[in-house]
């Protein structure tokens, strides 16, 4: 049996992908009790810990074949496409941000104790711009790991969402074949429910996008972001789903006017690769946050399959 540890597990996108790739996730940990409750509901056989992972004794964790870690990306990410955070955010980076980014050092600490054969770390691309990134990466190399950095987009793995993320794959004694598969593109229409919403009777924040729509009877994606354009849902995936709010909506022009609605949490969960049987705990806003923070299931499944093959295991159990 091939085993895994999932740190900063959130609602369980990484664990679900690893499970589908044939891994037995032995332990999952996160600081947020609501996310841990969701993970436990869907993965009841996994040991769960609600912990601040910057303050744990790693000897109390089991040794496994793989460590998956998704340390916090809050102070690395550019929210809403912002290229540079405003001055007030920059000031906060000096204190709260340094604490947040330090969660990445839990990976080094755990690896020093357990010497996992393989490690996968997921974060936003801006993680590489962190001042201590090179030092952090050297920490893994000092422990005997060979590292490969790659950016994978969920849209290339069958997800109806454009979501590029940085992945660092580190191994001690094996080489992992990380040749990307042929992209499997899935438009947003595949994860949308059939109802169109309500007839638009007033001006909306996204009205400029709605006014771009010329074809009748075709559902378009509109996004609550600056400079966004309406795109056909049957041709394009969603923009990146975030934890900070529901920025995604659809609009459909018909003979009697235009219908509009926001996407549901379930539709966003589908775009992250969660099946409709996957259950979430918490209030609607908490569910939204869990979904936005999740690792796309299909990407985790592919990486899990590649690493398992390198370690001599090829069994998959499917979705």
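The values are calculated or read from the model by the stated rules, or taken from the named source; none is laboratory data. The shown structure was predicted, so the numbers you read here are calculated from the model rather than taken from an experiment. Cβ atoms come from the backbone with ideal geometry, glycine included; neighbour counts cover every protein chain shown.
Can you name the residue in the stretch 168-184 that is touching a residue at least 60 places away in the same chain (Cβ under 8 Å) and surrounded by 20 or more Cβ atoms within 10 Å (Cβ to Cβ) and is also nearest to residue 114 (Cα to Cα) among such residues? Taking the candidates together, the pick is 171.
Residues in the stretch 11-32 that are in contact with a helix residue (DSSP H, G or I) (Cβ under 6 Å, 6 or more places away or on another chain) and part of a helix (DSSP H, G or I) were compared, and the one that is surrounded by the fewest Cβ atoms within 10 Å (Cβ to Cβ) is 20. Only a single criterion out of (1) farther than 30 Å from residue 315 by Cα; (2) exposed (fewer than 15 other Cβ atoms within 10 Å of the Cβ); (3) without any contact (Cβ under 8 Å) to a residue 12 or more places away in the chain is not satisfied by residue 231, namely (2). Exactly one residue among 122, 109, 90, 126 is within 25 Å of residue 297 (Cβ to Cβ) and either surrounded by fewer than 19 Cβ atoms within 10 Å (Cβ to Cβ) or modelled with pLDDT under 50 (or both), and that residue is 126.
Every residue, every condition in (1) exposed (fewer than 15 other Cβ atoms within 10 Å of the Cβ); (2) in a strand (DSSP E or B); (3) within 29 Å of the chain's Cα centre (by Cα), yes or no:
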position: 195; (1), (2), (3): yes, no, yes
position: 209; (1), (2), (3): no, no, yes
position: 213; (1), (2), (3): no, no, no
position: 227; (1), (2), (3): yes, no, yes
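Quick one: is residue 273 in a loop (DSSP other than H, G, I, E, B) and touching a strand residue (DSSP E or B) at 6+ places or on another chain (Cβ under 9 Å)? Yes, satisfied. For the stretch 155-179, a residue qualifies if it is part of a loop (DSSP other than H, G, I, E, B) and either at positive phi or under 14 Å from the mean Cα position of the chain (by Cα) (or both), and the qualifying residues are 158, 159, 160, 162, 163. When residue 160 is tested against (1) at pLDDT below 95; (2) more than 17 Å from residue 107 (Cβ to Cβ), exactly one condition is not met: (1).
Checking each residue in the stretch 129-154 for being surrounded by 16 or more Cβ atoms within 10 Å (Cβ to Cβ), touching a residue at least 40 places away in the same chain (Cβ under 8 Å) and outside any strand (DSSP E or B) picks out 130, 154.
In the set (1) under 18 Å from residue 296 (Cα atoms); (2) touching a strand residue (DSSP E or B) at 6+ places or on another chain (Cβ under 7 Å), the condition left unmet by residue 146 is number (1).
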